[in-house]
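One structure is given here, and the rest of the page talks about it.
Just so it is clear, none of the values below were taken in a lab; they were calculated from the coordinates. Being a predicted model, the structure only gives us computed values, none of them experimental. Positions of Cβ are backbone-derived with ideal geometry, glycine not excepted, and every protein chain shown enters the neighbour counts.
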Amino acid sequence: MSVKQKLTLIIAGIIFVLLAAHLVHLRVTSTNNLKEEASLYLEDVSARLSDEASLQNYITSVGTPHSLVVDDVMEMSAFRIVDKQPVLIYGTFKLSRGHDELDRVQQAVQSTEMSQDIRLSDGTHVMIFYRKLDFAEPTVVRTVLDLKSVDTLVRKQMTEQIILSAIMLVFMTLIAYLLMGRVFRPLDKIVWKIGKLSNAQFDDIIPVQGRDEFGQLSLQMNNMSKNISVYMNKLKFAFEENRAMKDHLESFINHTTDAIHVVDLNGRVLSVNHAFTQMFGYKESEAVGYNLRLVPAELEQEEQKAREAVLAGKVLPPIESARVTKNGDRLAVSVTTSPIRDAAGTVRAIASITRDMTSRNKMEELLRRSEKLTTVGQLAAGVAHEIRNPLTTLKGFLQLQRQTNKLNINHVEMMMAELDRINLIVGEFLILAKPQATKFEIKDIRYIMGDVLSLLDSQAHLHGIVFKHECPEDPCYISCEENQLKQVFINLLKNAMESMPRGGTISIIGGRGDNREAIYTITDEGCGIPEEMIRKLGDPFVTGKESGTGLGIMVSQRIIQSHRGTLEFKSRLEVGTVVTIKLPCGDSIIEMQAENEAMEAMQQIS
């Protein structure tokens, strides 16, 4: 049922109630008017009844027509109150209800006038009037009027009014329906437009014909239709993008070789990818919804700490760990853990990406072995090459002396020099291959550098070189093997001096870094090192000097690494070279001492 029909029915109902109220009021008014007419008649009769004789004569002559009301008089009687009881003195008392009527007579003595609308036992509708007369003895006149004519007249009037009311009701309902149709015509268009919108048809426009509320609503509906059309197009585009992105991500997750699984905060698995089922041996139905024991027992505490760190919002790098498959096999893996948050930023789940590192570890081991073999080969080739040259010289001189049978002192000195060179190469090679057991002690690096500068100062003056040493005023303690560290400083300073044949200044600047470390930089003004050679420094027999072996830088790097430090080179040709040495100090010394003591204990055992 439409709103127009509902409103029409409501209006028709209101009109019906009003007409019904009018009919009820009309009936009550007609009845009251007739009662008033009868009451006026009785008042007129009472005014003419001045004594009992006139009362008796009037009651006797009631049957004579006097007026409309008198024609309807069915019975008239007079009562006198004797000993508080009504006694009939004139007329008849046939049309009555017995004691109820007598009680009414007694009440009329107190109230002067009363009326009662009743139906007799035979169904006759009558009205009984009681009126007290001012005689010497209390006297009440009782009159019974037949209301048949009154009912007929009222019924006729009511019938006419009902027919008229029905016609008015139909007419008013029709007018209301037509008016509602005209008023709600714009609403029908709006409903039509909403039906179009519900079917995703946005091109149809409602014609706006007025400035009333419906006109404004139609205008806003047109604007809303345009906006919805724009938003729907954007939504379709965004939906297609999201679907393509979802398909892309699902394809990536399901086809990646890394195992991905998501667990809630209670550890229950929420989702897994295909690589997870292959790596750990669980079917998807066996994993989702269950707590899987993937972490070995000895690593559970470490895993719990990582989980707490992720929940606290920390970003963790990939962690090398181990996992257990369904069959109990142990895998070496790299695990990346990250939180999954909701729109409010609360962590709701944890995602883990697990990569099987077994093959990579095997490959790294093979690479390490290959690098070792390559390094051994390079060292062997380098040593053979470096030793072959002086051996060739020795062989040549010995062959010459064997042919001449004479001992040449000059040849002997040259052979001794070549033997010294062979000895130097073999000694450096032995130091590199099997370093001596070292004992770390707490030393001030300023004093170590000072001793080295004092040792090399005279040699520097001979070549026109000046040392410019700047060091911090506060002590800078490190844990080191003093002789080895001096060897590093000597090697670096000698390289700097040899790169400055025309003399110059070598700056040595010491200080403390932000990461609890001692920093020393050695800056020369020499010829510099080519860029391609800097990357190879530390490799055996890589050197820019004609008579160098390259083992000095290798040994220096080995010593600095044993001290848990770093050695960096920066250089520009014909400008100079900057060497930066960083060594741990402060709280790190205690850690190093503990490690050194452990190393000494292992060496003693071996």
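Taking only the C-alpha atoms of the range 259-356, Rg followed by Dmax gives 12.9, 40 Å. Here each label is just a point 7 Å from Cα along the line to Cβ, and for Val28 and Ser458 those points are 14.3 nm apart.
Per-residue packing, averaged as other Cβ atoms within 10 Å, sorts the ranges 483-491, 230-238, 153-161 into the order 483-491, 153-161, 230-238, beginning with the highest.
A cut-off of 5 Å between modelled amide H atoms, ignoring neighbours fewer than 5 places along the same chain, links Arg512 with Ile519. Listed from fewest to most Cβ neighbours within 10 Å, the set Val140, Val315 follows the order Val315, Val140. Full extension of the segment from Thr392 to Gln106, taken as 0.36 nm per residue of separation minus the current Cα-Cα distance, would add 86.0 nm.
Database remark: amide H of Glu481 closer than 5 angstrom to the amide H of Glu441 (H placed geometrically; neighbours at sequence offset of 5 or more, or on other chains; Pro and chain starts carry no H). Modelled spin-label separation between Leu270 and Ile534, with each label point placed 7 Å from Cα along the Cα-to-Cβ direction: 4.9 nm. Using 0.36 nm per residue and subtracting the Cα-Cα separation, the extra length available between Arg293 and Glu137 on full extension is 44.3 nm. Rounded to the nearest whole Hz, the Karplus-based 3J(HN,Hα) values (6.51 cos²θ - 1.76 cosθ + 1.60, θ = phi - 60°) of the range 335-344 follow the sequence 10, 10, 10, 9, x, 10, 10, 8, 5, 7, with x at glycine and proline.
For Asp72, nonlocal amide neighbours, meaning residues 5 or more places apart or on other chains whose placed amide H falls under 5 Å from its own, do not occur.
Placing a pseudo-label 7 Å from each Cα along the Cα-to-Cβ vector at Lys6 and Ser334 gives an inter-label distance of 6.8 nm. As a calculated quantity, the FRET efficiency between Arg572 and Glu473 at R0 = 30 Å, using C-beta atoms, amounts to about 0.40.
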